[in-house]
1. Using packing as a proxy for protection, rank A:15-22, A:361-368 so that the peptide with the highest average count of other Cβ atoms within 10 Å comes first.
2. Would you mind working out the magnitude of the charge dipole of the protein assembly as shown relative to its Cα centre, with +1 at each Lys and Arg C-beta and -1 at each Asp and Glu C-beta, to the nearest 20 Debye?
3. To one decimal in nm, how far is A:Arg368 from the same spot in the other copies, if labels go 7 Å from Cα toward Cβ? Please give the shortest first.
4. For the cross-link pairs B:Lys28/B:Lys161; A:Lys283/B:Lys283; A:Lys28/A:Lys181; A:Lys283/B:Lys181; B:Lys181/B:Lys283, which exceed 27 Å when the distance is taken from alpha carbon to alpha carbon?
5. Cα centroid distance between the stretch B:328-359 and the stretch A:4-20, in Å?
6. In nm, one decimal, shortest first: how far is the label point of B:Arg159 (7 Å from Cα along Cα to beta carbon) from the matching points in the other copies?
7. So if I place +1 on the C-beta of Lys and Arg and -1 on the C-beta of Asp and Glu, and nothing else carries charge, what would the dipole magnitude of the stretch A:1-114 be about its Cα centre? I want it in debye, nearest 20.
8. Compute the FRET efficiency between B:Asn144 and B:Glu363 as 1/(1 + (r/R0)^6), taking r as their Cβ-Cβ distance and R0 = 60 Å, and round to the nearest 0.05.
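Computed from the coordinates by the stated procedures, all read-outs in this text should not be read as laboratory data. Everything numeric in this text was worked out from a predicted model, so none of it was measured. Here the Cβ is made from the backbone with ideal geometry for all residues, glycine too, and neighbour counts use every protein chain on show.
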Number of protein chains: 2
Amino acid sequence: MAVGAPSHFPLEPVAGVRLGTARASIRKPGRRDLVVLELAPGTRAAGSFTRNAFCAAPVTVAKEHLAAVAGEPRLLLVNTGNANAGTGEQGMRAAQESCAALAQLAGVPAQAVLPFSTGVIGEQLPVERLVAGLPDALAALDENGWDIAAEGIMTTDTRPKGASRRIVLDGVPVTLSGIAKGAGMIKPDMATMLCFVATDARIAQPLLEAALARAVDASFNAITVDGDTSTNDACILAATGMAAHVELLDPADPRLAVFEEALGALFIELAQAVIRDAEGATKFVAVEVSGGLSREECRRVAYAVAESPLVKTALFASDPNWGRILAAVGRAGVADLDVSRVEVSISGVRIASRGARDPAYTEEAGQRVMSAEDITISVALGRGDVAATVWTSDLSHDYVRINAEYRS
Amino acid sequence: MAVGAPSHFPLEPVAGVRLGTARASIRKPGRRDLVVLELAPGTRAAGSFTRNAFCAAPVTVAKEHLAAVAGEPRLLLVNTGNANAGTGEQGMRAAQESCAALAQLAGVPAQAVLPFSTGVIGEQLPVERLVAGLPDALAALDENGWDIAAEGIMTTDTRPKGASRRIVLDGVPVTLSGIAKGAGMIKPDMATMLCFVATDARIAQPLLEAALARAVDASFNAITVDGDTSTNDACILAATGMAAHVELLDPADPRLAVFEEALGALFIELAQAVIRDAEGATKFVAVEVSGGLSREECRRVAYAVAESPLVKTALFASDPNWGRILAAVGRAGVADLDVSRVEVSISGVRIASRGARDPAYTEEAGQRVMSAEDITISVALGRGDVAATVWTSDLSHDYVRINAEYRS
């Protein structure tokens with residue numbers, strides 16, 4: 001049910017990063033459900049985590065460990081099949097014990113291991129089976145392990161998601177590669193979005209953190225399937241510093257802009273890949289809101305449209321039901337919105353202007369653009385010069401089927 | 001697909017109120033699509049209208065007319081089949097012309113007529129056909145016309161919705177009757193909720209307005225099917241003053257509490273009837289949030305749960321998927337929520353406590369309560385003593401089918 005082209009594999013290896021997977025029978029036998037990312041000594045990492053108050057145990061532990069090692073972790077430990085969320089104190093101990101076990105095998109402090117879990121919520125993590133799988137994962141560590149790791153972090157994803165970028169700094173090639181999983185709901189529980197991006201760039205920790213925050217804000221914080229923020233969302237950006245260019249230290253360094261542009265493009269590619277694989281998705285939809293007074297109000301309008309069940313079912317039906325879009329814009333809570341200035345277009349066809357159907361609009365033109373797999377809904381608010389874009393999917397029969405009928 | 005028992009008809013007549021319907025072929029021939037409510041001279045009315053910025057032309061005109069006659073309208077004019085929304089200047093003229101035509105026939109000022117429309121959005125109102133139907137509607141005016149009017153305002157509703165209450169003030173019987181339509185989406189457009197309630201009570205205008213605001217807040221402002229506020233929502237409370245009790249003038253009058261209690265119960269009955277008939281609904285769900293610091297944060301949590309596609313699909317599947325409920329609570333944006341104090345129960349069965357599955361919970365007990373048609377989700381936040389309740393329906397295959405596959 002995925003929409004559009006799959007990710008382009010193989011990914012580029014990143015100097016200082018090795019990845020290994022194993023089958024640990026976390027939930028079901030035979031599945032590749034354990035992934036280890038090894039980072040060279042001195043690698044700096046920044047993290048972005050769910051804001052859900054019910055954040056999962058591994059999220060809490062990953063944040064604590066990342067702070068304890070001053071942003072220099074050595075290993076990322078990922079399991080699928082169990083989210084270790086809603087598991088209370090026992091879940092916290094399970095996350096810590098998993099880290100300690102891997103740390104001992106690898107000869108690093110326990111706090112140098114960051115844990116990530118995705119899968120069923122509310123069941124205790126089977127620590128013994130996870131730990132038993134660690135030697136296999138370590139034995140499999142490989143610079144070219146990105147592709148198999150992208151598969152290893154999948155749950156109900158229908159295809160692996162990854163992206164690479166190459167740039168040149170000081171005449172030296174610098175690589176960025178990343179993998180992501182999730183969005184949509186997983187059976188029987190919730191979407192858990194995980195993303196791991198690494199680069200061999202040499203970059204100061206504060207700049208790395210700022211770059212991650214900007215990249216996430218423009219990518220993963222701009223997608224929605226259903227508005228249901230997961231308990232396990234986590235994203236890590238690691239920089240090994242193995243590339244031989246002069247270190248990025250100055251926020252005004254023009255090379256930083258080159259780096260951030262590549263990073264931003266890579267994040268958007270991963271975030272869009274997640275939406276293209278959203279459960280039940282038959283459409284990939286960009287909601288572009290322009291002419292706002294602030295980015296916040298543009299995003300609010302974009303999310304109101306992107307999360308409206310009415311708009312999403314109309315998208316599934318390829319139905320140019322512009323009234324539903326107008327109604328969603330109108331209820332987004334924009335103060336003093338002058339509806340007579342609002343214009344709405346679908347993939348370049350203007351459908352509404354001055355608060356009513358555009359005089360030049362024809363149902364045939366609307367039907368034509370709505371039939372495509374990739375659709376852009378553009379809303380011009382006519383009150384300022386700020387814009388924002390959100391990406392989403394449609395609401396299909398399969399969405400309900402996947403999230404209602406199955407319970408594994 | 002409606003859930004639970006239908007409304008109890010016939011409704012009680014209200015002295016000073018007559019209702020008539022007609023078939024005007026607004027959208028399709030043969031349908032009862034025109035309703036007129038006649039109010040005796042001196043009737044005071046209060047209105048509550050959609051906050052959607054794209055409010056429909058009749059909403060704008062009804063608000064203007066109600067103010068122009070100082071809260072004393074004489075006729076309510078309702079059509080189905082066409083929402084007269086997203087119709088620009090022409091739509092405004094159509095609403096005004098409809099009022100003027102009815103006013104002329106009835107011998108009242110045009111501003112004494114309040115217009116209400118529900119149905120397809122973005123198509124111009126067929127004023128000529130509407131006006132041609134007015135004589136039939138006037139000829140049919142009857143004190144016992146409530147039941148047929150409840151049918152006349154239906155669009156995709158599967159059954160009419162009405163309720164009556166009798167109270168005694170100063171030894172005099174006082175009647176309250178009301179009808180409502182909508183919620184869920186109408187094909188191919190959006191939910192439009194209309195509600196008309198009348199009483200023969202004698203009550204001062206400010207008290208009437210305050211009573212309406214309180215009743216709506218606790219009923220129609222506490223239901224959600226999909227979060228999609230309509231462009232046409234409107235609710236009118238009219239008091240004819242024909243009952244012979246001493247007029248309610250003092251906000252501290254204990255008789256006012258008696259009146260408001262009956263009014264509140266009637267509104268809740270109508271609002272719940274709307275949810276019980278929500279498109280595709282197979283469950284009627286109350287989300288009760290207690291232990292909050294403010295009503296606003298309780299409502300925010302209740303709406304996050306009630307509008308979560310994950311929770312709604314789990315309800316459809318009769319799946320006690322408490323992790324989805326916890327996740328929705330966690331993302332509701334309650335500042336400094338201590339998840340270790342949160343408790344969740346479903347219809348009296350405690351499923352989660354201290355941020356994890358309750359030790360005493362069994363899947364069998366959860367399955368049993370989730371299989372019922374009527375379900376109560378109780379969330380105790382453990383941080384204050386304020387509570388709020390929201391009513392909602394589930395997200396079913398039929399919801400998607402109705403809103404995606406059909407376009408009439």
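1. Working: A:15-22: 22.6, A:361-368: 14.8.
In descending order of packing, they fall as A:15-22, A:361-368.
2. On the way: 74 positive and 96 negative charges, 126 e Å.
Roughly 600 debye, rounded to the nearest 20.
3. 6.1
4. A:Lys283/B:Lys283; A:Lys283/B:Lys181
5. 39
6. Nearest to farthest, the other copies are at 4.7 nm.
7. 280
8. Efficiency computed from Cβ-Cβ geometry: 0.70.
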